[in-house]
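Okay, structure first, notes after.
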Amino acid sequence: MTVAIYAPFIALAGALINGLLGKRLKEPLPGLIAVGAMLLSFILVLLNFFSFLGKADESLRVKLWSFLSAGSLKVDVAFQLDSLSLLMMLIITGVGLLIHIYSMSYMHGDDGYSRYFMALNLFVAAMLVLVLADSYPLMFVGWEGVGVCSYLLIGFWYKEKLNADAARKAFIVNRIGDVGFILAMALMVKLFGSLNIAEVTGAVQNVLSNVGGAGIYLTILALLLMLAASGKSAQLPLHVWLPDAMAGPTPVSALIHAATMVTAGVYLIARSSEIFVATPLASAFVAWIGALTALIAAFSAMSQKDIKKILAYSTISQLGYMFAAVGAGAYWVGIFHVFTHAFFKALLFLASGSVIHALHGEQNIDRMGGLKKYLPTTAQMSFIATLAIAGMPLLSGFFSKDAILSHVFNSQLIAGYGSGAIYAILLLTAGMTAFYMYRWYHCVFAGEERLSAEAKAHVHESPALMTGPLIILGFFSIFAGYLGLPEAFAPSWIASWLKPATAEAGFRHASMSLEMVLMLLSIVVALTGLGLAYWVYGVRKGEPAKAFKETFGGVYEGSSQALGFDTLYKRSFTQNGEKVAASLTLTDSGLDRNLKQGAIGFGLIGRLTRLIQQGYVRAYALLMMLGLVVMALYLVLSGGGA
């Protein structure tokens, strides 16, 4: 069965209907169209998934049409269905469907209702193309598609300057990573003569054996792919766009952070795993960047006060875990954490949206507290998600986090590059995660009420369209991890499902006793983080945190300012760029005046240019046709062929 290949086209159709007819459609029809497209897409993917059960080693390629033929280089528009792409599609369409349903109530009454659902459907369509692509150029189409859609959704309320700035920031930072993707494709053509994913990854060992200096070229290729992945998945030093992405509607945050865009980098490395297995140095670089990102983001989350920004830094930290896993060669483990993280992080963001909805836009956790009395369902689901991300035993996050720690500790691929230190950093980060996530829960739902009089007068539990998705996500936040039980104790279904689609990297076979020690250590660290947070905020009412801030103000400031990365970039790049732009501004004091005074003929050129650049599409189409006619006449008259 190949019915899943229609999923991106169905999502695209939903986007086109709302984009072209949305203003004529009354609420809730645009939402119903978008949800219907998502539901049908999810059903098709689910059918295809069941058809693959028991046949995880199969891979189907569906060619739609030929795109490029230049000598020996051929690129088709074709989709690849295998265990990896199908699992990613299940996450995208399943969690995406719940977010669409939730959005119908959350966005009720918004002036851009149809525009919102158009962009949401288009976002999903682009992400589906990304994970289905059988070639890097087609993957890049989806890659850029989610970038454009993130710009549209982060800046959805574009009339507020901060929102528009956040959208531009996300777009520009991602372009830096995209340069890595483009250069990587150019190097692939040089090394492999192909851009087909299967052909590239399948020829790695042959290139290593037969091409001089191939090891260096492959390392450069892997590092370029990591640069691309760092942009999309917000890894150091390109992580600064993600906290600002909170400017968009809260369901957008859930979609970007949980099920789609930010996982694209992890998917890219997992899909290119043969390249990284052949380049241990590059793999170690990936693992180290992931570990340091996880630590720095966790540190930054410790003192944030915005209910969504805490979760944003948490997302960056959890992505760091995923990168540490794929860097260690545990590709299926990285995707396993993508899978579990999708549920509890979507739940956390949607629960935040429920709180913001109930408090009429309030996002400062210092002005919350005691909300579990007013929002019982939201509070219960938030508590489940908090324990899951903290890595508490028997919840989904525990299984995937423990698998990452175990595989990093036992990795042979990066054994000579400080795998033990990476493990220690990730273990420390696990304790910090448990601490700041309980702080998040306590300050929002427990403790004493700090609500304003206006907020208290209107606070209420969210409607069923919003709480229903929370309950479903809560269920999977508990049970999704059981698909990946520790291999030392039971066969891991998700490991056997994903391994045929990823490369094999070496791991030391740890003894059962060592596995137990590692697992118990991670449990102790999680409990310590939770217990310490409960003592600070539950027992001592936050007094130790206030004392720490007074005593170690510099550390607190470093956390609240996220170590100053934004300030550094602003001073180094943004402000200097603005100065250059100001010097080139077309004003009487800028470049335009000098050009007008010192260059005869610029006025004539400007007038001629205005005749061509009229702003009418039909005029541009006519010029294109005239250009084609001129080219055809030239070829015929010069003997180049008819």
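The values are calculated or read from the model by the stated rules, or taken from the named source; none is laboratory data. Keep in mind that this is a model prediction, so the values were computed, not measured. Please note: Cβ atoms are built from the backbone with ideal geometry, for glycine as well, and neighbour counts cover all protein chains shown. Note: areas computed on protein heavy atoms with side chains; ligands, DNA, RNA excluded. Shrake-Rupley method; radii C 1.70, N 1.55, O 1.52, S 1.80 Å.
Per DSSP H run of n ≥ 4, the term is -39500 (n - 2.57); total these for the chain, divide by its residue number, and report the mean residue ellipticity at 222 nm rounded to 500 deg cm²/dmol.
On the way: 30 runs with 437 residues, N = 642.
Computed mean residue ellipticity for the chain: -22000 deg cm²/dmol.
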task: First check a/c for segment 1-131, with a ≥ b ≥ c the square roots of the eigenvalues of its C-alpha gyration tensor; if it is under 1.5, answer rounded, and if not, answer prolate when a/b is larger than b/c or oblate otherwise.
output: oblate
query: Local charge sum around Gly145 (other residues, Cβ-Cβ under 15 Å, Lys/Arg +1, Asp/Glu -1)?
result: 0
- request: If a/c stays under 1.5 just call it rounded; otherwise compare a/b with b/c (prolate if a/b is bigger, oblate if not). Do that for segment 351-433, with a ≥ b ≥ c from the square roots of the Cα gyration tensor eigenvalues.
  value: prolate
- line: In whole Hz, the Karplus estimates of ³J(HN,Hα) for segment 20-31 (6.51, -1.76, 1.60; θ = phi - 60°; x where Gly or Pro) are 8, 10, x, 5, 8, 9, 8, 4, x, 4, x, x
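How much accessible area per residue does segment 43-94 have, in Å², with a 1.4 Å probe?
Working: 2370 Å² over 52 residues.
The answer is 46 Å² per residue.
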message: Can you give me the distance in nm between label points at His460 and Arg508, each placed 7 Å from the Cα along the Cα-to-Cβ direction?
response: 6.0
query: Just how much of Glu454 is accessible, in Å², when a 1.4 Å probe is used and the result is rounded to the nearest 10?
result: 130
message: Suppose all protein chains stay in the model; what accessible area per residue would a 1.4 Å probe give for segment 227-317, in Å²?
response: 15
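Carbon-plus-sulfur fraction of the accessible area of segment 386-480, 1.4 Å probe, in percent? Don't jump to the answer; show the numbers that get you there.
Numbers: 2230 of 3180 Å².
The C+S portion of the solvent-accessible surface of segment 386-480 is 70 percent.
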message: For a quick check: with amide H placed at 1.01 Å from N, whose amide H comes under 5 Å from Lys74's, ignoring anything fewer than 5 positions away on the same chain?
response: Leu195
field: Residue-wise HN-Hα coupling along segment 77-93, computed from phi with Karplus coefficients 6.51, -1.76, 1.60 (Hz; x: Gly, Pro)
entry: 8, 9, 10, 10, 9, 8, 4, 5, 5, 5, 5, 4, 5, 4, 4, 5, 7
- request: Answer with a single label: of [x] 39.5; [y] 47.5; [z] 34.4, which was calculated as mean projected area of the Cα convex hull in nm² from the structure in view?
  value: [z]
task: Work out, step by step, the length gained on full extension between Ile172 and Lys546: first 0.36 nm times the residue separation, then minus their alpha carbon distance; give nm to one decimal.
output: 130.9 nm
- request: Give a residue-ordered list of calculated ³J(HN,Hα) values for segment 102-111 (Karplus: 6.51 cos²θ - 1.76 cosθ + 1.60, θ = phi - 60°; whole Hz; x for Gly, Pro).
  value: 4, 5, 4, 8, 4, 8, 4, x, 6, 4
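Please compare each pair in Lys305/Lys541; Lys373/Lys456; Lys232/Lys401; Lys26/Lys161; Lys372/Lys456 to a cut-off of 18 Å on the Cα-Cα distance and tell me which ones are over it. Before the final figure, lay out each step's value.
Details: Lys305/Lys541 16 Å; Lys373/Lys456 12 Å; Lys232/Lys401 22 Å; Lys26/Lys161 28 Å; Lys372/Lys456 13 Å.
Lys232/Lys401; Lys26/Lys161, as the Cα separations exceed 18 Å there.
Accessible area per residue of segment 148-212 at 1.4 Å probe, in Å²? Could you put the intermediate results ahead of the total?
Details: 3210 Å² over 65 residues.
For segment 148-212, the solvent-accessible area averages 49 Å² per residue.
Taking all protein chains in place and a 1.4 Å probe, what share, in percent, of the accessible surface of segment 225-334 do carbon and sulfur account for?
Working: 1000 of 1370 Å².
After summing per-atom areas, the C and S share lands at 72 percent.
Tell me whether segment 405-484 comes out rounded, prolate or oblate; compute the Cα gyration tensor, take square roots of the eigenvalues as a ≥ b ≥ c, and use a/c under 1.5 as the rounded threshold. Intermediate values should be presented prior to the final figure.
Numbers: a/c = 4.99, a/b = 2.00, b/c = 2.49.
Oblate.
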